[in-house]
Amino acid sequence: MSRLSIVAYVVGIVCFIVSCSFSVFYGYKVVTHQLPTEEKEPNDDRYHFVLIPEELDNDYWRLVEEGARAAAKKYDVLLEYTGPRQANFDDHLKTIEMSAAAKVDGIMTQGLSDEQFSPLINRIVEKGIPVITVDTDAANSKRLAYIGTDNYYSGFLAGKALIADTNGQANVAIITGSFNKNHQRQRVQGFKDAIQSEKGIRIVAIEESQISRVRAFEKAYQILQEHPEVTAFFGTSALDGIGVAEVVEKFNKQKQIYIIGFDLLKETQKYIRKGTIQATVVQEPFEMGYRAVKMMIDLREGKKVPSTIHTATRILRKYDLPPYLNNIKGVR
Ligand code: BGC
């Protein structure tokens, strides 16, 4: 045997021994990882929870879903995410009803209206299926808990921001997701209360977008034609400010018109960086989803949970944005 082949032979044996030790070590780890570890909470039951948003493919709701999925993974829960393709009360209510009929272990959804949602929520809770409202509360229903923004306060914050940014002089148009959904009504009310005593601020128009960006565009377009005196817009749901920004750019009125929107989707950030949108009300959708799942587990395990948890809300302007888009946690 030449010296070269002896060296190759020895190297071969060493590699073989090293790879065997790795296999044994990782094989052992795989087996032991199926047991509860410090990372994962012990949980023998596999619950089946369902999260039902008003619109399935809305980027804001995808963030809530991400949070819920992260918690579901951590706590070994089966999470279903389902709901209307486009915002629609009937479809939404039907999905809630079907989930209850399928006897899931918990339902997380919005309490969009007291008239339509509360009676259904009450019936489901009376049957023994816990319901947590997320993002939008039906505070007078029998839901066991609410987690989400204080929607009245968030509208109030928007009003105060608009006063500060316009020096108290503005003819405002509001584009709201809906006239009859609890959270949208509360946001508008909070805004109105904030500007109430400001002599220089008037609301000249208010229109509904049905949370659709295209509709927000159309309504803003129409408003600018009918009310050329408008100098500011407030968009009260995630895609409204984006729709308005498109129109304002189309009319090349970025310098004359102030926009305050809602949420921090990538598109909103883009317009904030360009200076078309001046401010936005930031919510915490990822956290809402994550904590809703955790609360539901606590409820199932007989633990007490607070009946209302308000997640943080703040105003963000261009100078609050970090230099790189992807640095912001929970942005879609
Ligand atoms: C609201 C959600 C709504 C979304 C619509 C958000 O601001 O919190 O309830 O579905 O806007 O785009």
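The values are calculated or read from the model by the stated rules, or taken from the named source; none is laboratory data. Quick caveat, the model's predicted, so the values are computed rather than measured. Because the Cβ atoms are built from the backbone with ideal geometry, glycine has one as well, and the counts that use them run over all protein chains shown.
When you go through (1) surrounded by fewer than 17 Cβ atoms within 10 Å (Cβ to Cβ); (2) not assigned by TED's automatic domain parsing to the domain that holds Ala72 one by one for Pro306, which number turns out not to apply?
So the condition that Pro306 fails would be (2).
Can you report the number of residues in segment 135-161 which are part of a loop (DSSP other than H, G, I, E, B) and among the small types (Gly, Ala, Ser)?
Counting residues in segment 135-161 that are part of a loop (DSSP other than H, G, I, E, B) and among the small types (Gly, Ala, Ser) gives 3.
Given the residues Val248, Val214, which is the only one that is of a type in the set (Val, Ile, Thr), under 24 Å from the mean Cα position of the chain (by Cα) and part of a helix (DSSP H, G or I)?
Values: Val248 fails: under 24 Å from the mean Cα position of the chain (by Cα).
Only one candidate qualifies: Val214.
Testing Gly261 on (1) farther than 25 Å from Gly106 by Cα; (2) in contact (Cβ under 8 Å) with a residue 40 or more places away in the chain, one condition comes back false. Which one is that?
Of the numbered conditions (1) farther than 25 Å from Gly106 by Cα; (2) in contact (Cβ under 8 Å) with a residue 40 or more places away in the chain, the odd one out for Gly261 is (2).
Kindly check whether there is at least one residue in segment 78-92 that is among the aliphatic types (A, V, I, L, M), in contact with a strand residue (DSSP E or B) (Cβ under 8 Å, 6 or more places away or on another chain) and within 15 Å of the ligand (Cβ to nearest atom). Give the steps one after another, and end with the answer.
Let us first name the residues in segment 78-92 that are among the aliphatic types (A, V, I, L, M), namely 78-79, 87.
Applying the additional criterion that residues be in contact with a strand residue (DSSP E or B) (Cβ under 8 Å, 6 or more places away or on another chain) yields 78-79.
Imposing the further condition that a residue be within 15 Å of the ligand (Cβ to nearest atom) reduces the set to none.
Looking through segment 78-92, none of the residues is among the aliphatic types (A, V, I, L, M), in contact with a strand residue (DSSP E or B) (Cβ under 8 Å, 6 or more places away or on another chain) and within 15 Å of the ligand (Cβ to nearest atom).
Name the residue that is farthest from Val64 (Cα to Cα), counting only residues in segment 266-283 that are within 14 Å of the chain's Cα centre (by Cα) and either more than 14 Å from the ligand (Cβ to nearest atom) or surrounded by fewer than 24 Cβ atoms within 10 Å (Cβ to Cβ) (or both).
Lys266
Looking only at segment 162-211, count every residue that is of a type outside the set (A, V, I, L, M), within 16 Å of the ligand (Cβ to nearest atom), in a strand (DSSP E or B) and touching a residue at least 60 places away in the same chain (Cβ under 8 Å) and tell me the total.
The initial filter retains those residues of segment 162-211 that are of a type outside the set (A, V, I, L, M), namely 165-169, 171, 176-187, 189-193, 196-200, 202, 207-210.
Remaining after also requiring within 16 Å of the ligand (Cβ to nearest atom): 176-187, 189-191, 207-210.
Okay, now just the ones that are also in a strand (DSSP E or B), so 176, 207-208.
Those left that are additionally touching a residue at least 60 places away in the same chain (Cβ under 8 Å): 176.
Summing the residues that are of a type outside the set (A, V, I, L, M), within 16 Å of the ligand (Cβ to nearest atom), in a strand (DSSP E or B) and touching a residue at least 60 places away in the same chain (Cβ under 8 Å) in segment 162-211 gives 1.
Output the residues belonging to segment 53-101 that are of a type in the set (Gly, Ala, Ser) and without any contact (Cβ under 8 Å) to a residue 12 or more places away in the chain.
Pass one, segment 53-101, residues of a type in the set (Gly, Ala, Ser): 67-68, 70-72, 83, 87, 99-101.
Correct list: Ala101 only.
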